[in-house]
1. Loop-only GluC sites (Glu not before Pro) in the stretch B:93-189, please: DSSP not H, G, I, E or B, and at most 14 other Cβ atoms within 10 Å.
2. Which of B:G43, B:G122, B:G106 moves the most in a Gaussian network model of chain B with Cα springs under 10 Å?
3. Return the FRET efficiency for the residue pair A:S79, A:T275: r is the Cβ-Cβ distance, R0 is 51 Å, and the value is rounded to the nearest 0.05.
4. Going by Cα centres, the stretch B:231-287 and the stretch A:102-136 are how many Å apart?
5. Against the 2.2 N^0.38 Å scaling, with N counting residues, where does the stretch A:274-314 land? I'd like the Cα-based Rg ratio to two decimal places.
6. Top mean-square fluctuation among A:S73, A:S290, A:S327, Gaussian network model of chain A, C-alpha springs under 10 Å?
7. Could you work out the relative contact order of chain B? I mean the mean sequence separation of Cα pairs under 8 Å and 6+ apart, divided by the number of residues, in percent.
8. Grab the DSSP H runs of chain A that are 4 residues or longer, score each as -39,500 (n - 2.57), total them, divide by all residues and round the 222 nm result to the nearest 500 deg cm²/dmol.
Amino acid sequence: MASSGAKKVRSKEKPGKSPAVLPTLTPSERVDLLRKMVLIRRFEQKAAQAFMQAKIKGFCHLYIGQEALAVGSISTLNSSDAVITAYRDHGHALARGMTPRECMAELFGKITGCSRGKGGSMHFFNREKHFHGGHGIVGGQTPLAAGIAFAQKYNGTGEVTVCYLGDGAVNQGAFHESLNLAALWKLPVIYVIENNEYAMGTHQSRSSAGYPLVKRADGYDMAGITANGNDVDDVREKMWDAVQLARTESLPSLVEVKTYRYRGHSMSDPGNYRTKEEIAERKKESEPISLFKERLFKEKALTEKQYEEIERVAVEEAEDSIAFAESSPEPEVATVFEDIFAPEDQIAEFRPPIGS
Amino acid sequence: MAVLTMREALNQALSEEMERDEKVILLGEEVAEYQGAYKVSSGLLQKFGAKRVWDTPISESGFAGLGVGAAMQGLRPVVEFMTWSFSMVAYDQIVNNAGAIRYMSGGQYSIPIVFRGSSGAGLQVGATHSHTPENWYANVPALTVITPAFPDDAKGLLKSAIRSNNPVCFIENEKLYGFKDEVPEGDILTTIGKARIRREGSQVTLIANSASTHVALASALQLEADGISAEVLDLRTIKPLDLPAILGSVAKTNRVVIVEENKPFAGWGAQVAYEIQNRSFDELDAPIERVTGLDVPQPYSRVLEQAVMPSAERVTEAAKKTLA
């Protein structure tokens, strides 16, 4: 893994020769992407309702409006590649193939949740599916991603890591330290900035110097790529370049994807930092599900009737996840003392029984 | 038995564990080509190569977090902080990631990582470089905190720490790197969480860790000259605390002085004092005394710094107070 003559890829250009081309999806595979996007939308709407009914507590950050980003980017990965993100994690989890049931149950704090009710909205995990969180501290997941990629390279598995972060995270030190390490050690990691323009309630023009944000790749001699997050096809195409660069040349990239969230930062956001007109305008011009749906209609990959069926099934799945979460048992209080320490197997157990 | 310095004993532990398990890697500032700022990693780059021993940029948050991510993915990183004083810029990674990911994920991950490096005051490096943060990290539920005082324990405990499937803060003390003592040959695996009586005594127990153990031992000699028999209990591990050993010694001597280099407010000694009064109130013949670093930022001047550090004289005075 020692460094050798670096292939320099500047952010001003796309990473030149991608050794493999983006596979063309069959019409039914394209419809599957739409299906996932619709499922995320309906899941989030049900979560919002449950939050308003006080069935979900704590913080709840919704992904509505950003669906094409998670679905498009994750669709370019192999199932053994790693995905890690920040606290707005429901969309990525569902795009990764986690079930609405395990996700909704986690929001309800139930033992059947993906983190046994210990993580909540911001801390979804499913190790089997290589979904490594769900991280609550802005930028805190970015060094972890470098480490997961480090281990992938160390073990020579050919896997890659995708790490999502928001536009607010680009000013955290940990993010810059991660970019430096990833570039210096040539780690197979793709950092994806989901630029939804607002770091909580602070517009990017009031939080970041230096545009576009992807320019931050330049300082580390990393590939910098931009994509339109409202267009699932564009996200796929641009991510594919980054994924190939990581997989075949073990080089990191920074991908800035322009997106927009239609809901507040979290459910408790009064939304007084932007106008309703701004949100309506954005929906009108670039709503990702409508955009892709219309494209599939034109391609004759989808009919109105089939779309209605997709909607019906998504709503049903979201409702089923609510029913599952509601009917799931609360964690036994005794589980509060579980999952703190991994069992020891190379040395004798040395901890006194917890609570003694 | 070989006589080794603390740094040689630590080096042996690292070398033996890296030899044994190729998942063990070493990351840190100057650990490779420079051979370690305190020479603890001397020769490891030559022995194990650049794939196993990594010089990092001065980027503690980045490389500590990278270590945690690598541990989540099955490696067993040893992350060296040149000093634990620099771990503060990596605090989020240690506390929220190493310390919480297993729990937050409902037990899906093991985080077999060792954070280690030098610590401590007394060498005139001022407030930023003189911390003994064992009490800060002991406050994090999932972290194990080890603070060896002797070369044999340093070796045996570091080997155990590397083999633990859980995150360990292994806090060495800079003042002890050159301290020499006998170290058993070969594969010693000292049990984590067990205190060790370093000197038997009957009238007062001096409870200490790391460099403070040596302060306590010096005090015990002074007390002996005055006809007082002091027992010195070296905790070795701050978390988990060895309560049976602590309470056993209290039952024998009925008097306690706690000696710790960290600052007094919520220092580990406060926890030990609480446990003793709560569990062995009737055994105590005098209030528990604590000798800690004074509650001021660490000064540079030798005269001022020596006044701030726990000293044998202060310990002796405190011990006599329990016997008055």
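Please treat every number below as a calculation from the coordinates, not as lab data. Remember, predicted model here, so these are calculated numbers, not experimental data. FYI the Cβ positions are ideal-geometry reconstructions off the backbone, even for glycines, and counts take in every protein chain you see.
1. B:E185
2. B:G106
3. 0.75
4. 40 Å
5. 1.44
6. Result: A:S327 has the largest fluctuation of those listed.
7. It comes to 16 percent, rounded to a whole number.
8. Counting only the DSSP helices, I get -12500 deg cm²/dmol.
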